[in-house]
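The values are calculated or read from the model by the stated rules, or taken from the named source; none is laboratory data. Quick caveat: nothing in here was measured; it's all calculated off a predicted structure. No Cβ is skipped: glycine too gets one built from the backbone with ideal geometry, and neighbour counts run over all protein chains shown. Just the protein is used for accessible areas: all its heavy atoms, side chains included, with ligands, DNA and RNA removed. Shrake-Rupley method; radii C 1.70, N 1.55, O 1.52, S 1.80 Å.
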Amino acid sequence: MRSVPVFRTSRVNSCRAMSSQATCFVKSEAQCKKENHLLHCNSKTNKIFKGMASDMFKQFFLLLRSYFDLFIDFLFSLYWERYRQSIPDLEKKHAILAESATSLAGKIRNKELKSEELIQACIERIKLVNPILNAVTDDRFEEALKEAQEVDRSIEAGQADFEKKPFLGVPFTAKESHAVAGMLHTLGISMRRHVRAHEDAECVRLLRAAGAIPVAVTNVPEINKWQETRNMVFGQTANPYHTGRTVGGSSGGEAALSAAIASPISLCSDIGGSTRMPAFYCGLFGLNPTAGTTSLKGSALRSGLEPTMASVGFISKHSQDLAPLTAVLLNDEDKQKLGRKVNIEDIKFFYTESAQDLRVSPLSQDLRKAMNRVVEGLREGGFGGGGGAGARRYDHPGFQHMYALWRHAMTKEAESFSHLLTNNQGKANGLLELLKKLIGFSAYTLAAILKLLDDQVLPRVDRDWAEKTTKELREDLVSTLGADGVLLFPSAPAPAPYHYSLYLRPFNFAYWGVFNALKLPTAQVPLGLNAAGLPLGVQVVAGPHQEALCLQVARLLEDQFGGFVPPCRVP
């Protein structure tokens, strides 16, 4: 019998082994693919369920917040409804104050009205309403009347330069944080109780150069940092629509006087809604220009050199005033952008129904209905760019973190709140001041102490995340809006809250603050009153240096919804 060579047997066995291993490998690979597919499906399913669970939790949480807000309002109403006062009706001799600043300037120019008569009417109206509102912190009535007389004499002599002074002879008031030479400049802090300004802030200087005459400065929260206008020096400013409710902050004194038809021009500033918030709560128009276009030199002790997201702006009873007033503060290039002609039919409209920031109260029915009325009105009017598309919905995940983005942006501001509270004579300590407050020895309001604790005790927002999220939100929004689009955004969760109730809702200003962090121009537009007689409104946001779009839309909405509705009878 012939024997099989060893090497051949070995090769056969080896091949069989390799074949067996290959079969095992193929089988193992197929099983792995199947298992990976199952894992992928399970992972995808888990993500879906997690997303659903997260949404359900958010909705449940927001529902609880809604009931919590209703309870807060009920609780505070038990006290504040008993102290509600009405402001005096506008007398016939003061009826001129209801007109726009541009109209008043025109009448002075055409010798139909004397500056002295207008200043006198303004002073008399302030004296009537201020005991109820507590808005004015210092006045210069006698000096203003003398300056008005000089204006009248220059006009009679044909020496007035109306081109350089478009608001010649028109009175204005300014929030007290803007330095007005010779006037109190306390910023609402006790250590500056008797401090007076030695020179005008740049915005005041420019407004004076445009011919306007300062008559008074008005109340602010400490260093302009709270949603209500209250401090330990001058107390609390009341809302003319309901004196038991807040005027907002920090330009609350300005909004109170303007809504009470006591000030034709109101000079404000905005770092977290400080112009737009009081404008909303008091049914007024307000504009916060693109960050960096206005000088803050002399405002809240700023040098005007440091980069900031804050801007100087105005509030008014008339949308037509905002462009010419803002132009006074701008350089020539920005003036041209502000004054460019805009065809309302070419503007694209977007809207955000509600932001889902869990720190902020849910949007009330009043504000939801207000937004729906605007959106429906645009659709019925055939607005929205080519073809009359109406307003298209815009959402972005960044709006879920409005407060966090603003809080991070504040860390880049040059000012130090803790040092400013001591008039730069030291550094206030939040924990120490809280203990002192509990025993009645702190020189600061609880709002200022909470701000200190937020700065000194609570962990900071993750820098990389905040920078990335802000950048993504800004880039996406600016790209969406382009040079001919605006975003309609809720003004706040609800109309003007009761005094002190915002301590239980400290983050609600984020609806305004997020656009400071994005450094975008934003207008506040009134939309009438709710059933309780409180102002409603909406924000209009545009791309950088596109204030002209904001103001064109403000004029459209003023025509559609009636604009400012006074809190008193007007002859």
Report, by residue number, each residue of the range 293-331 that is more than 16 Å from the chain's Cα centre (by Cα) and over 23 Å from Phe172 (Cα atoms). Ser303, Leu305, Glu306, Pro307
Inspect all residues belonging to the range 128-145 and state whether any of them is over 28 Å from Arg302 (Cβ atoms) and hydroxyl-bearing (Ser, Thr, Tyr). no
How many residues are assigned to a loop (DSSP other than H, G, I, E, B) and without any contact (Cβ under 8 Å) to a residue 60 or more places away in the chain if we restrict to the range 304-320? 1
On the given criteria, is Arg245 of a type outside the set (A, V, I, L, M, F, W, C), in contact with a strand residue (DSSP E or B) (Cβ under 9 Å, 6 or more places away or on another chain) and open to solvent by 10 Å² or more (accessible area, probe 1.4 Å)? yes
Would you mention how many residues in the range 80-113 are open to solvent by 80 Å² or more (accessible area, probe 1.4 Å), touching a residue at least 40 places away in the same chain (Cβ under 8 Å) and over 21 Å from Ala256 (Cβ atoms)? 3
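Condition check ((1) assigned to a strand (DSSP E or B); (2) surrounded by fewer than 23 Cβ atoms within 10 Å (Cβ to Cβ); (3) of a type in the set (Phe, Trp, Tyr)) across all residues:
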{"site": "Gly283", "(1), (2), (3)": "no, no, no"}
{"site": "Ala291", "(1), (2), (3)": "no, yes, no"}
{"site": "Thr326", "(1), (2), (3)": "no, no, no"}
{"site": "Gln336", "(1), (2), (3)": "no, yes, no"}
{"site": "Val342", "(1), (2), (3)": "no, yes, no"}
{"site": "Asp357", "(1), (2), (3)": "no, yes, no"}
{"site": "Phe383", "(1), (2), (3)": "no, yes, yes"}
Are any of the residues in the range 479-500 under 30 Å from Asn423 (Cα atoms), open to solvent by less than 30 Å² (accessible area, probe 1.4 Å) and touching a residue at least 24 places away in the same chain (Cβ under 8 Å)? yes
Is the range 188-203 home to any residue that is without any contact (Cβ under 8 Å) to a residue 60 or more places away in the chain and open to solvent by less than 20 Å² (accessible area, probe 1.4 Å)? yes
Go through the range 128-137 and give me each residue that's touching a Ser or Thr at 6+ places or on another chain (Cβ under 9 Å) and not hydrophobic (A, V, I, L, M, F, W, C). Asn134, Thr137
Would you be able to say whether some residue in the range 220-236 is over 28 Å from Ile87 (Cβ atoms), of a type in the set (S, T, N, Q) and open to solvent by 10 Å² or more (accessible area, probe 1.4 Å)? no
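Do we find that Pro521 is open to solvent by 20 Å² or more (accessible area, probe 1.4 Å) and not aromatic (Phe, Trp, Tyr) in this structure? Can you show your working first?
Values: open to solvent by 20 Å² or more (accessible area, probe 1.4 Å): no; not aromatic (Phe, Trp, Tyr): yes.
Here the answer is no, as Pro521 does not meet what is asked.
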So Gly398, is it out of contact with any strand residue (DSSP E or B) (no Cβ under 7 Å at 6 or more places or on another chain), surrounded by fewer than 19 Cβ atoms within 10 Å (Cβ to Cβ), in a helix (DSSP H, G or I) and among the small types (Gly, Ala, Ser): no
Any idea which residue in the range 152-187 is least open to solvent (accessible area, probe 1.4 Å), counting only those that are assigned to a loop (DSSP other than H, G, I, E, B) and basic (Lys, Arg)? Lys165
Which members of the range 525-571 meet the condition of being in contact with a Phe, Trp or Tyr (Cβ under 8 Å, 6 or more places away or on another chain), farther than 20 Å from Pro324 by Cα and of a type in the set (Val, Ile, Thr)? Val538
Of everything in the range 114-151, what is in contact (Cβ under 8 Å) with a residue 60 or more places away in the chain and assigned to a loop (DSSP other than H, G, I, E, B)? Give them in sequence order. Asn134, Ala135, Arg140
